[in-house]
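Please read the structure below before turning to the comments.
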Amino acid sequence: MEKLDSTINVSIFNESQSAPEVLQAMKDISSLSGVLSDLGSHSFYQSPVEILRFLRIIQLINEEALGLDEKIENAETLFYRYRNRYQDSEPPTKKVVEQIVTILVKYNWISKHSRLIKMRDVGKRMMDVLIRLANDSLAYHMHDDIGRSLFQARRDAEISEAYDDNGISGGNKIASMIKNVADAIQLLKERELEMLADRNALPQLELIHELMKDLDVKLQDRFRQFQTMEESLVLTDLMQRGTAVLAEGTNLSLGMINKYLKFTMMQMTPLSTTIKPEKVRELIIKMFAPPLDSDVPNAYHLLSFMEQNQKDDEAFDGIWIPVKFAATIPSVAIEEALIYMEEYEPKTEHVEEVEEEITFESEEISKEDLDELMRETNWLLTKNMIETTVIENFLDKHEVLPIEDLVIQATSSQWTDAVNALTAISALVGNKRVTIEKAKHHNNLTVYERSWEWMNDEDRANIVRKREHRRETRNKL
């Protein structure tokens, strides 16, 4: 197939929305979102580890389609191939692999035959997109915060080379590249004192400087590609901004390296006993506002260098502690946070309010039943204040007996227990649960050893009798 004319810019945004090619491209995106949506509906696919396992499975299918591995007959073959290939302490089960295969078949990524799983064209392209995205993300997160912005800028340049140079729009990659470099420069400025205070920061500074120079070359190459295009007039502002940003970044990284090396040399230089005022005045003037690529450190840089503590007592906590605090928050981040809080709307599911019809029912009760209910209520209130359970349980077994036998046998012969027992009996009498009758005979009474006496000795023979307490409940409809 002939190479596309580089003057043609194939972009989804420049085509008619009714064009067949546009509709087919959108169907491809729909199939990708469908697969991810179906996977997301299963809770176990919401963890990073499960997503990695899914990518491993589609990589196995991809390798088979490219002829790098043997044929895949069914989901079981894919299951055992996964276990043999990857060291996974908890590999996906056969059921999970079968679910993935079913989803891929549903969206035409693969076709399932009797003894063969075959990849379709749309599946090949969508799987490549997912694997490239995962690899790009991995490479991005392997850098520190400054290196990430520079890595993304370099990827923008590489994508522009791969797409724009072949007539396919890669997006606004030049503007994105300039923005990422500007972000890296901002982070470098914020962490300048911290990196100068790190005795092991020189290799990182050299790497950042090499990335800056490499990006400068790539950006100039990108500009040359658009010099003959009509859009070159539009790119004039980008060219100026890009050139200025790369020059600032290159000078800043070079200046930090020069200062780092200069300070190291100053530490190894023997001190003279003679101070020359002119030299000191000249140094102070240079330190006031040195250029970005200058090797002359200002006062803040010197104090930061001393934090390396390469000589005893060179770092003094409390005098200068630039690296012990987090970098300042940029004004743009603060503004975005305020806008987010002002416009924040929690996502909640729609609540359907169902108005229930209120129905009223009338119930009638007789005076006798009402009196019974009131007595029952009063009794429950009494039981909450007075413990009567022990006496009631004893009367369930012995319905009739002398009061002294009830008090001592149900509790004990102690004075406190006797008082509590008599209080409980009084409550039972008041609520018509038991009755107390005068004894007709005082013979055959048991004699107990007790530390208290009855005020009237005859009272100990009084008979306590449990009453038959019945409650009728009437329900009237």
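The values are calculated or read from the model by the stated rules, or taken from the named source; none is laboratory data. It should be emphasised that the depicted structure is a prediction, and the values quoted were computed from it without experimental measurement. For neighbour counting, all protein chains shown are included, and Cβ atoms are generated from backbone atoms with ideal geometry for every residue, glycine included.
Being buried (at least 19 other Cβ atoms within 10 Å of the Cβ), closer than 25 Å to Gly255 by Cα and modelled with pLDDT of 75 or more: is that true of Val181 here?
Values: buried (at least 19 other Cβ atoms within 10 Å of the Cβ): yes; closer than 25 Å to Gly255 by Cα: yes; modelled with pLDDT of 75 or more: yes.
When the stated conditions are applied, Val181 passes them.
Only one residue in Leu252, Leu283 is under 26 Å from Asn180 (Cα atoms), among the aliphatic types (A, V, I, L, M) and either assigned by TED's automatic domain parsing to the domain that holds Met212 or modelled with pLDDT of 70 or more (or both), so which one is that?
Values: Leu283 fails: under 26 Å from Asn180 (Cα atoms).
Only one candidate passes the filter, namely Leu252.
Contact annotation: residue pairs with Cβ atoms under 9 Å, 6 or more positions apart or on different chains, pairing a residue in segment 126-141 that is within 19 Å of Val105 (Cβ to Cβ) with a partner that is of a type in the set (D, E, K, R) and assigned to a helix (DSSP H, G or I), are Met126/Asp28.
State all residues of segment 412-449 that are among the hydroxyl-bearing types (Ser, Thr, Tyr) and either free of Cβ contacts under 8 Å to residues at least 40 places away in the same chain or not assigned by TED's automatic domain parsing to the domain that holds Asn378 (or both); if no residue qualifies, say none.
First, the residues of segment 412-449 that are among the hydroxyl-bearing types (Ser, Thr, Tyr): 412-413, 416, 423, 426, 435, 446, 448.
Ser412, Ser413, Thr416, Thr423, Ser426, Thr435, listed by residue number.
None of Arg470, Arg474, Arg450, Arg465 is at pLDDT 80 or above and part of a loop (DSSP other than H, G, I, E, B) except Arg450.
What number of residues within segment 371-411 satisfy the criterion of being under 26 Å from Met455 (Cβ atoms), without any contact (Cβ under 8 Å) to a residue 40 or more places away in the chain and among the hydrophobic types (A, V, I, L, M, F, W, C)?
Of the residues in segment 371-411, the ones under 26 Å from Met455 (Cβ atoms) are 382, 385-388, 390-392, 394-395, 398, 400-411.
Among the residues that remain, those that are also without any contact (Cβ under 8 Å) to a residue 40 or more places away in the chain are: 385, 387, 390-391, 394, 398, 407, 409-411.
Now drop any that are not among the hydrophobic types (A, V, I, L, M, F, W, C), which leaves 385, 390-391, 394, 407, 410.
Matching residues across segment 371-411 total 6.
Taking segment 104-133 as the range and being over 16 Å from Tyr82 (Cβ atoms) and of a type in the set (A, V, I, L, M) as the test, the residues that pass are Val105, Leu116, Met119, Val122, Met126, Val129, Leu130, Leu133.
So if I check each of Tyr82, Tyr86, which one is modelled with pLDDT of 85 or more, crowded, with 18+ Cβ neighbours inside 10 Å and more than 30 Å from Ala201 (Cα to Cα)? Exactly one of Tyr82, Tyr86 is modelled with pLDDT of 85 or more, crowded, with 18+ Cβ neighbours inside 10 Å and more than 30 Å from Ala201 (Cα to Cα), namely Tyr82. Inside segment 79-99, residues that are more than 19 Å from Leu130 (Cα to Cα) and in a helix (DSSP H, G or I) make up a count of 10. Applying the criterion of being under 33 Å from the mean Cα position of the chain (by Cα) and not in a helix (DSSP H, G or I) to the residues of segment 39-78, the residue that is surrounded by the most Cβ atoms within 10 Å (Cβ to Cβ) is His42.
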